[in-house]
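Step one of this worksheet: look at the structure below.
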Amino acid sequence: MNREQTLATQLPLALLAFLKHHKEVSEIRMPPDSQICQAGDRCDSLVIVLQGSVKVYRPDANGHSLTLYHVHQGESCILTASCILNEMPFPAYAKTTTEVLGLSVPPSLVTLWLNSEPLWQRYIFSMLSTRMADLIELVNALAFKGLDSRLVQWMREQVSRSGSFVINTTHQNIADDLASSREVISRLLKDFEMRGAIKLGRGTIEVLDQDALDGFC
């Protein structure tokens, strides 16, 4: 499988061809942990991620942060699209969590295509639907689920996305995703480990027993 075919599995082939046909759409590459946007920034492009991942989040006054969602392969940031269409500043923060390869679409084309290109319309509205579902689930989790249950769900999602029972991350990254503190996350993970559900390593969490994890929900 060549590179174009690999990317096509993450983004509809017709849309990928459509984007690459326009010389105004440029390919960009960003290293891990690069700050892309801060609150109040003007959005000067919409990036469609071809490889890698971007985290969109809001920090609080206590040094914690709440992850709103992650932008993965084939996806784009719907907050950025909204800011471009409404000519508003970006209301959150965004940074790469891995090296990112993407296509940068200028604001003029974002607006033009939304009025004229059904392929682009379907893509944007699909992203809007997905993000709305993500944010509703986030509100539901914060309002009605305990942190232990949310942590189990977070690990399930990582295993499902990567296809591996070994999760490469830090306790601080998990705390940021779940709007908690590193100390609380570490305590919960240690409890999971003592009960035989996971094994902790340096920068890794290995899921040993998914059934045991389900018992924490």
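The values are calculated or read from the model by the stated rules, or taken from the named source; none is laboratory data. Here the structure is a predicted model, which means the values were calculated and not measured. Positions of Cβ are generated from backbone atoms using ideal geometry, with glycine treated the same way; all protein chains shown enter the neighbour counts. Please note that ligands, DNA and RNA were not included when accessible areas were found on the heavy atoms of the full protein model with its side chains. Shrake-Rupley method; radii C 1.70, N 1.55, O 1.52, S 1.80 Å.
With the requirement that a residue be assigned to a strand (DSSP E or B) and among the hydrophobic types (A, V, I, L, M, F, W, C), what does the stretch 178-213 give you? Answer for the stretch 178-213, where residues must be assigned to a strand (DSSP E or B) and among the hydrophobic types (A, V, I, L, M, F, W, C): I198, L200, I205, V207. Residues that are at pLDDT 95 or above, open to solvent by 20 Å² or more (accessible area, probe 1.4 Å) and of a type in the set (A, V, I, L, M) do occur in the stretch 46-67, at least one of them. Restricted to the stretch 147-184, and to residues there that are open to solvent by 40 Å² or more (accessible area, probe 1.4 Å) and acidic (D, E), the residue that is farthest from the chain's Cα centre (by Cα) is E183. Consider the stretch 185-217 and keep the residues that are among the aliphatic types (A, V, I, L, M) and free of Cβ contacts under 8 Å to residues at least 40 places away in the same chain. The one that is most open to solvent (accessible area, probe 1.4 Å) is M194. Filter the stretch 76-107 down to the residues that are open to solvent by 30 Å² or more (accessible area, probe 1.4 Å) and under 17 Å from S126 (Cα atoms) and list them by number. Once the filter is applied, which keeps residues that are open to solvent by 30 Å² or more (accessible area, probe 1.4 Å) and under 17 Å from S126 (Cα atoms), the stretch 76-107 yields L79, S82, L85. In the stretch 25-41 there is at least one residue matching the filter, namely being touching a helix residue (DSSP H, G or I) at 6+ places or on another chain (Cβ under 9 Å), modelled with pLDDT of 95 or more, open to solvent by less than 80 Å² (accessible area, probe 1.4 Å) and within 16 Å of L103 (Cα to Cα).
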